[in-house]
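Everything on this sheet refers to the single structure shown next.
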Amino acid sequence: MQEKKIVVRFQETNQIDQFNEEIQTLISQTKAFSANAYAPYSNFKVSAGLVLDNGEIIKGTNVENASYPVSICAERTLLSHAVSNYPNNVIKTMAVYVDKAIGSPVSPCGVCRQTLLEIELKQKSPIQLILVSKEGVYWIFDSAKDLLPVYFDGEAL
Ligand code: THU
């Protein structure tokens, strides 16, 4: 048997001025948008924002349901909106924010990672991810693939 290793590389900073103006705007708009989260059951208000290749910024939140599994994460609310309304645009960067001080950024759930990967493969261009904590810690991943190594995709079908 041969051991194989996977290394996941990401950057961490707490300096907002390390980002360019477009990304700083994306981050501040995404943070403010968490006020729109519909999370009456968990009170865990998540927002996501993304910047397209035309410079447009669009945002989404989690939307919960009394039947808990019906709830949708902020990332998938936003990605569904992006793919259906901007089918020919490329997503450059997506930011995710949780309005709760938990010490470090929250990272997308497995289902959202699979959705991100699908869209990254569809657009043939990596989606940069910026995970933002309430305390001002930023984790930067260069691609959805970094969050989902050894992924399943449509090539196998
Ligand atoms: N949630 C998100 O919106 N994104 C994540 O990355 C993690 C979890 C939502 C789903 C649910 O509304 C609440 O957070 C608690 O799980």
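The numbers here are math on the coordinates, done by the rules we state, and not lab data. These numbers were taken from a predicted model, which means no experiment stands behind them. Don't worry about glycine lacking a Cβ; one is built from the backbone with ideal geometry, like all the others, and counts go over all protein chains shown.
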**Item:** Out-of-range pairs (alpha-carbon distance over 27 Å; input LYS59/LYS100; LYS31/LYS145; LYS45/LYS145; LYS4/LYS92; LYS59/LYS124)
**Value:** LYS4/LYS92
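Just to be sure I understand: of the beta bridges DSSP finds with both ends in the chain, what percent are antiparallel, rounded to 5? Could the numbers behind the result be given before it?
On the way: 20 of 26 bridges.
Of those bridges, close to 75 percent are antiparallel.
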**Fill in**
Highest GNM mean-square fluctuation among ASN89, ASN20, ASN36, for the chain with Cα springs under 10 Å, belongs to ASN20
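Which of the three applies to region 46-137, rounded, prolate or oblate, going by the alpha-carbon gyration tensor with a ≥ b ≥ c and a/c under 1.5 meaning rounded? Please report the intermediate quantities before stating the final value.
On the way: a/c = 1.83, a/b = 1.29, b/c = 1.42.
Oblate shape, in that a/c is at least 1.5 and b/c is the bigger or equal ratio.
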**Asked** Taking the Cα centre of the chain as the origin and placing charges on Cβ (Lys, Arg +1; Asp, Glu -1), which of SER104, ASN20, TYR138 is farthest toward the positive end of the dipole?
**Response** SER104
**Complete:** Long-range share for the chain, i.e. C-alpha pairs more than 25 Å apart as a percent of all pairs, stands at 28
**Request:** Could you give the size of the charge dipole of the chain about its Cα centre, using +1 on the Cβ of each K and R and -1 on the Cβ of each D and E, expressed in debye and rounded to the nearest 20?
**Result:** 280
**Message:** What are the ³J(HN,Hα) couplings of region 69-86, residue after residue, when phi is run through the Karplus curve with 6.51, -1.76, 1.60 and θ = phi - 60°? Round to Hz, x for glycine and proline.
**Reply:** x, 6, 4, 10, 6, 4, 4, 7, 4, 6, 5, 5, 4, 5, 5, 7, 9, 10
**Item:** 19 Å reach of a label modelled at VAL137, 7 Å along Cα-to-Cβ, counting backbone N of region 39-53
**Value:** 45-47
**Prompt:** In Å and whole numbers, how far do the C-alpha atoms of region 99-157 stretch along each principal axis, longest first?
**Reply:** 42, 19, 17
**Complete:** Taking the chain and counting helices only, DSSP H stretches of n ≥ 4 at -39,500 (n - 2.57) each over all residues, the nearest-500 ellipticity at 222 nm comes to -8000 deg cm²/dmol
